[in-house]
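Contents: one structure, followed by commentary.
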Amino acid sequence: MTASTPTPASGGTTRHAGARRRRLAILLSLPLALALALPAQAWGPLGHRLVARLAEPDLTPQARATVARLLAGEPEPTLPGIANWADELRSSDPGLGRRSARWHYVNLDGDGCGYDAARDCPRGDCVVAALEKQTAILADPGRTDAERRQALKFVVHFVGDVHQPLHAGHAHDRGGNDYQVNYRNKGSNMHSLWDSGLLNARRLDEDAWLARLRALPAPPPVSPMPADAPRLWAEQSCRVVAAPGFYPRGHVIDEAYVDAHLPIAERQLRLAGAHLAATLNAALGGNG
């Protein structure tokens, strides 16, 4: 009997240790599970604020005045202050967040990155149709200020979204979310890399990034605004994804990849700022 008494304790210890390991495994897996459950954010908060800050100086006086009136009372009543509102809906307004979840991206899987509304945007649930609809609401002086304010918040965000290449990528890898990569000995995915990883590689703060982007050549003026501008921007973003070398060999992101592709991300941000200003000027330049 005495020889067998340690057995229950030993078995209990083993069971407790096994339970602890299982609990630890569950806790460690939670961040990954939550990351997979949530839609990715184009450019991340930094990128969206940069797009908005790039646009602000190029607003016409009429557009600037209307933006100021619509945003009066906001915690940060500026374009960068509301640039991430659409991503924050998942916590601040889950119902609207769910309804608008598909408005942040479009999957372009056709030959040559051509957009086909019936195929790529059924029921208007994609960034191309959403940007068209919300811009029309913003431009309509017959709408209430509340409706136009919400539309402005969507427009500022969606112009940024449509210029993040993987928000106009391919369905088979969910815009790069399912394409795993190793970057600086850490696991990530292509979507996350283009959202924020490339920008973070330079370790600059927001003001330094803004100065860097403003030093780039100014994009050609968008005038008059094409009626199908969101489609054109989505197709251009898709062509970035389709270019040779965009997806790295061996799923490894090295410094050569960063050096080659960070200028493309910078160009896309610069374009987004110019296109946002042009969109708001066209929608608000003559409206009160």
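Using heavy atoms of the protein chains and a probe of 1.4 Å, the accessible area assigned to residue 247 is about 60 Å². For region 52-154, the carbon plus sulfur part of the accessible surface works out to 50%, probe radius 1.4 Å. For region 50-95 versus region 188-209, the spacing of their alpha-carbon centroids is 22 Å. Just how many % of Cα pairs in region 156-278 lie over 26 Å apart, if you round to the nearest whole percent? Beyond 26 Å sits 21 percent of the P(r) for region 156-278. Express in % the proportion of alpha carbon pairs of region 112-219 at distances exceeding 16 Å. Here the long-distance tail beyond 16 Å is 71 percent of all Cα pairs in region 112-219.
Protein-only accessible surface at a 1.4 angstrom probe places the residues 90, 149, 270 in the order 90, 149, 270, largest first. Largest first, the residues 133, 153 sort by 1.4 Å accessible area into 133, 153. So how far, in whole Å, is the C-alpha centre of region 232-280 from the one of region 106-165? Value for the Cα centre distance between the two parts: 20 Å.
Its alpha carbons considered, region 79-160 gives a radius of gyration followed by a Dmax of 13.4, 41 Å. With the biggest extent put first, the Cα atoms of region 227-279 measure 41, 18, 11 Å across the principal axes.
The values are calculated or read from the model by the stated rules, or taken from the named source; none is laboratory data. Remember, predicted model here, so these are calculated numbers, not experimental data. Each accessible area value is taken on the protein alone, full model and side chains, heavy atoms only, with ligands, DNA and RNA left out. Shrake-Rupley method; radii C 1.70, N 1.55, O 1.52, S 1.80 Å.
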